[in-house]
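Right, one structure below, let's go through it.
The values are calculated or read from the model by the stated rules, or taken from the named source; none is laboratory data. Since the model is a prediction, treat every value here as computed from it, not as a measurement. Positions of Cβ are generated from backbone atoms using ideal geometry, with glycine treated the same way; all protein chains shown enter the neighbour counts.
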Amino acid sequence: MKPVKIGLLGLGTVGCGTVMVLGRNGDEIARRAGRGIVVVAAAVRDLDRERDCALNGVRLTDEPDSVVDDPEVEVVVELMGGAEPARTLVLRAIAAGKHVVTANKALIALHGNEIFARAHERGVMVAFEAAVAGGIPIIKALREGLAGNRIDWVAGIINGTGNFILTEMRDHGRDFGDVLAEAQRLGYAEADPTFDVEGIDAAHKLCILAAIAFGIPLQFERIHTEGITGITREDVTYAAELGYSIKHLGIARRAAGGFELRVHPTLIPERRLIANVNGVMNAVLVQADAVGPTLYYGAGAGAEATASAVVADLVDVVRVLTADPENRVPHLAFQPGALSDLPVLPMAEVRTSFYLRLRARDRPGVLADITRVLGAHCISIEAILQREPDPDRGEATIIILTHQVREGDVDEAISELGGLPHLTSPVTRIRMEPLSR
Ligand code: NAP
Ligand code: HSE
């Protein structure tokens, strides 16, 4: 059978990784897909830029429309990133009846509802395995492997750049900016790296995971998002003394009355496997009713690791080229007419545990004042640690771990604590998850 011809939109880190993997493993891939897969055209911005991959016979252009419209191209692979012009190009490909593979989580999180509706109407596939957790086949696992389960929650380290920065800062005392620059050199970071460090990239990915896990529409704007820029070495050290690691987690949980969708730094017990996921590695822990917990681990970013997921999608697309659209796996796992309309809960209604760090003057009764405020807001304490007071400043650092509480009560307690006369700094709070069941 003739090979399937594909066109790439973008030939940067992931685009070149895809060309290299298709080139090196072409025979194995053809044995799996039933047909070869050949890149015939690629669009870039700068035609003069040197590429990291050999382009034997690939038509290079700075006009992405010409790749989409190329009659030879059967599958369009979008690897340029960002919402526009990616959205317009993908919709154009769909309108032309072409299947699409993309690694673009921003595109899917922001415009996926529209894109999947158009694809459904036109009977084409839009595959996006590489959009979440790089090379880990988490979309396939959730959408197909766990299809018999009710998913209770998903918690993941889903930004490789952020995890790389936190690991290097903790293990080697390196400077934040210095490690971020290295992540950019290694091709891990987004074109705008604030997406990585402010949690936006992780929120894009969590939005997709939640839709597939629970059968809810993509709703990026409802995700509570915090990044890693506020994490200090001091908190990393105290957390370690208490037996916890601080990780940047995306959490999607089915709760009473709705869903929790949140991305933020989180204390997790060091004995959990996921607490030991370091560097650019990602991991997604899924709690499901029948199978229990399952953990998916692998490289979350990088040229060939991401290409591994892009090529797997290409193989899926090639395998179903001749299958009826009704018989394919639905884009968001659940049938389009069977999505849940339960709401995403406001953060004040989320129930979780907290690490609180306070600095206070070393005076009698200070601790009693603090615990009185917490008690008045129904916040029960699991552990408390007071560091030796600093003799020069006469101040003590107090670390408190709470039991599971309502976030709205913690907000109110922190606001009241701010009015105590002996508190000398704002309260630092980091959410804490046991990730047991
Ligand atoms: P990249 O290295 O910046 O590559 C982007 C490519 O798109 C470049 O070749 C660029 O051309 C081209 N491009 C951008 N805008 C264009 C336009 N308007 N017209 C024509 N060409 C255009 O990005 P990347 O790291 O490969 O990421 C690509 C996508 O994969 C993004 O959605 C990203 O979020 C996602 N992703 C990346 C990774 C990773 O590890 N890097 C992992 C998973 C998913 P020039 O080369 O000429 O500038
Ligand atoms: N910038 C992203 C990350 C790329 O660091 O995880 C992979 O999606």
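Looking at this structure, is Val4 surrounded by fewer than 24 Cβ atoms within 10 Å (Cβ to Cβ), of a type outside the set (Lys, Arg), in contact (Cβ under 8 Å) with a residue 40 or more places away in the chain and under 22 Å from Ala119 (Cα atoms)? If you could, list the steps in order and put the result at the bottom.
Details: surrounded by fewer than 24 Cβ atoms within 10 Å (Cβ to Cβ): yes; of a type outside the set (Lys, Arg): yes; in contact (Cβ under 8 Å) with a residue 40 or more places away in the chain: yes; under 22 Å from Ala119 (Cα atoms): yes.
Yes: the conditions hold for Val4.
Return the residues of the range 169-185 that are closer than 30 Å to Glu221 by Cα, more than 18 Å from the chain's Cα centre (by Cα) and touching a residue at least 24 places away in the same chain (Cβ under 8 Å); say none if nothing qualifies.
Phe176
Testing Ile138 on (1) within 15 Å of ligand 2 (Cβ to nearest atom); (2) in contact with a His (Cβ under 8 Å, 6 or more places away or on another chain), one condition comes back false. Which one is that?
Here Ile138 meets the rest and fails (2).
Would you say Leu55 is more than 16 Å from ligand 2 (Cβ to nearest atom), surrounded by 22 or more Cβ atoms within 10 Å (Cβ to Cβ) and not in a strand (DSSP E or B)?
Criteria not met by Leu55.
Quick one: Gly97 ticks every box in (1) within 16 Å of ligand 2 (Cβ to nearest atom); (2) on the phi > 0 side of the Ramachandran plot bar one, so which box is it?
(1) is the only condition that Gly97 fails.
From the residues in the range 288-316 that are part of a helix (DSSP H, G or I) and of a type in the set (Asp, Glu), which one is surrounded by the fewest Cβ atoms within 10 Å (Cβ to Cβ)?
If we take residues in the range 288-316 being part of a helix (DSSP H, G or I) and of a type in the set (Asp, Glu), then Glu304 is surrounded by the fewest Cβ atoms within 10 Å (Cβ to Cβ).
What number of residues within the range 286-304 satisfy the criterion of being touching a strand residue (DSSP E or B) at 6+ places or on another chain (Cβ under 9 Å) and either among the acidic types (Asp, Glu) or closer than 30 Å to Gly23 by Cα (or both)?
7
Please determine, by comparing only the residues of the range 75-114 that are within 22 Å of the chain's Cα centre (by Cα) and among the small types (Gly, Ala, Ser), which one is surrounded by the most Cβ atoms within 10 Å (Cβ to Cβ).
Ala103
For Arg174, are the conditions met, namely being more than 16 Å from ligand 2 (Cβ to nearest atom), assigned to a loop (DSSP other than H, G, I, E, B) and surrounded by fewer than 22 Cβ atoms within 10 Å (Cβ to Cβ)?
Yes: the conditions hold for Arg174.
Since Leu385 meets every condition but one in (1) of a type in the set (A, V, I, L, M); (2) surrounded by 14 or more Cβ atoms within 10 Å (Cβ to Cβ); (3) assigned to a strand (DSSP E or B), which condition does it not meet?
So the condition that Leu385 fails would be (2).
Every residue, every condition in (1) of a type in the set (A, V, I, L, M, F, W, C); (2) assigned to a helix (DSSP H, G or I); (3) not assigned by TED's automatic domain parsing to the domain that holds His248, yes or no:
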{"site": "Leu358", "(1), (2), (3)": "yes, no, yes"}
{"site": "Ile370", "(1), (2), (3)": "yes, yes, yes"}
{"site": "Cys378", "(1), (2), (3)": "yes, no, yes"}
{"site": "Ala396", "(1), (2), (3)": "yes, no, yes"}
{"site": "Leu401", "(1), (2), (3)": "yes, no, yes"}
{"site": "Gly408", "(1), (2), (3)": "no, yes, yes"}
{"site": "Leu420", "(1), (2), (3)": "yes, no, yes"}
{"site": "Pro426", "(1), (2), (3)": "no, no, yes"}
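Report every pair of residues separated by at least 6 positions or lying on different chains whose Cβ atoms are under 6 Å apart, first residue within the range 260-273 and in a loop (DSSP other than H, G, I, E, B), second crowded, with 16+ Cβ neighbours inside 10 Å.
Partner pairs satisfying both residue conditions: Glu270/Ser245; Arg272/Leu435.
Any residue at all in the range 362-373 that's modelled with pLDDT under 90, on the phi < 0 side of the Ramachandran plot and surrounded by 15 or more Cβ atoms within 10 Å (Cβ to Cβ)?
Within the range 362-373, one or more residues are modelled with pLDDT under 90, on the phi < 0 side of the Ramachandran plot and surrounded by 15 or more Cβ atoms within 10 Å (Cβ to Cβ).
Provide a single number: the residues in the range 218-256 that are surrounded by fewer than 16 Cβ atoms within 10 Å (Cβ to Cβ), part of a loop (DSSP other than H, G, I, E, B) and modelled with pLDDT of 95 or more.
Total satisfying the criteria: 0.
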